[in-house]
Amino acid sequence: MKNTLKPLGWLAISILPMLAFVLIQTAALSMVAIVEAVRIMLGSGAGTQDYGDLADILTQSLTDSIGPGIFLSHLLSVLVFGLWYYLIDVRPQRKLKKSAVKLGKAVWGWSLLLGLGLSVFGTMLVLLGEHFFPDMLAEYHEMLEASFGESALAIIAAVLLAPIGEEFLCRGVIQHYAMKVSKRFFVVNIIQALMFAIMHWNWVQGTYVFFIGLVLGWLKYRHKSLWPPIFVHFIINISSFTWMAYTLEQLPEQLAMYALLLLLSVAGMAAILWRIGREDKAVSSVGADAHIGPL
């Protein structure tokens, strides 16, 4: 019984950080929306008896606060999960006087290529999905537009803060606890990648994010460091706001083309992962509308 309850207990604990992320996200969005509603009310001079105006104000405040709310939630995630990861992983390692992991220069080159490959992989998966689930993809694009349409704060948060905060959370805190669930790493990796997918709250992102999470989790496990997955995560997110949109405009809208690029990205990433797995120097001797959204 103990052997069953112990893994289940750690599994439950590994879910708690994701729930904490949801709580932070909800609190941040609500807080910013309330502040925005008060600001609009003071500016418009709406009274407490103007119930129709108040409803309009609340609706407008929810719309206007999405960008700042996303920024605040990611900022809080960096702080909360950064401290959490430090307390459960970094500080204990220092107390044991274990030296820091030294990453070889080749790690960054492979990580760059891996990030680009994952960006193409996710994008092609979404484009293929549009032909089979058009309604679901339409809702997905509307969600991206509402969240990142013209909000500089939301884009900054997605490019700079999300790769740090979400890696602290998923490959740091969650993966740390999941390692206590099973000695088999593939089980650990599935747990953290699944949590990574669920916390994006939509089937489209959840699908490609799960596979991306598996790769990021393996990088953390292989290098014993969060820096490679943070860097790869950054490359994926910045790609979705820069070169990917332009590239899509140049591609013919053909399923065969999307399928070919998907297969090429998978083959390229498989080769990169195989090469990273053989790179002994990487680890120290100590033990457009259609493009994918930011992770």
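Scanning the stretch 224-264 for residues that are within 29 Å of Met179 (Cα to Cα) and in a helix (DSSP H, G or I) yields Trp227, Pro228, Pro229, Ile230, Phe231, Val232, His233, Phe234, Ile235, Ile236, Asn237. Residues in the stretch 177-193 that are surrounded by fewer than 20 Cβ atoms within 10 Å (Cβ to Cβ) and assigned to a helix (DSSP H, G or I): Phe185, Phe186, Val187, Ile190. Tally time: how many residues in the stretch 79-103 are surrounded by fewer than 20 Cβ atoms within 10 Å (Cβ to Cβ), in contact with a helix residue (DSSP H, G or I) (Cβ under 7 Å, 6 or more places away or on another chain) and either among the polar types (S, T, N, Q) or over 30 Å from Leu262 (Cβ atoms) (or both)? Of the residues in that region, 6 qualify. With the structure loaded, tell me whether Ile164 is touching a Pro at 6+ places or on another chain (Cβ under 8 Å), in a helix (DSSP H, G or I) and within 29 Å of Gln93 (Cα to Cα) or whether it fails that test. So Ile164 does not fit the description; no.
Residues of the stretch 1-58 that are of a type in the set (Ser, Thr, Tyr) and either modelled with pLDDT under 60 or more than 20 Å from Gln175 (Cα to Cα) (or both): Thr26, Ser30, Ser44, Thr48, Tyr51. Scanning the stretch 104-128 for residues that are of a type in the set (Gly, Ala, Ser), in a helix (DSSP H, G or I) and touching a helix residue (DSSP H, G or I) at 6+ places or on another chain (Cβ under 6 Å) turns up Ser111, Gly115, Gly117, Ser119, Gly122.
Filter the stretch 234-248 down to residues that are in contact with a helix residue (DSSP H, G or I) (Cβ under 7 Å, 6 or more places away or on another chain), over 11 Å from Thr123 (Cα atoms) and β-branched (Val, Ile, Thr), then give me how many there are. Qualifying residue count, the stretch 234-248: 2. Taking (1) on the phi > 0 side of the Ramachandran plot; (2) in contact with a Lys or Arg (Cβ under 6 Å, 6 or more places away or on another chain) in turn, Trp201 satisfies each apart from (2). Within the stretch 120-139, the set of residues being closer than 13 Å to Tyr258 by Cα and small (Gly, Ala, Ser) comprises Gly122, Gly129.
The values are calculated or read from the model by the stated rules, or taken from the named source; none is laboratory data. Just so we're clear, the structure is a prediction, and the values are computed from it rather than from any experiment. Neighbour counts are summed over all protein chains in view; Cβ atoms, including those assigned to glycine, are modelled from backbone coordinates with ideal geometry.
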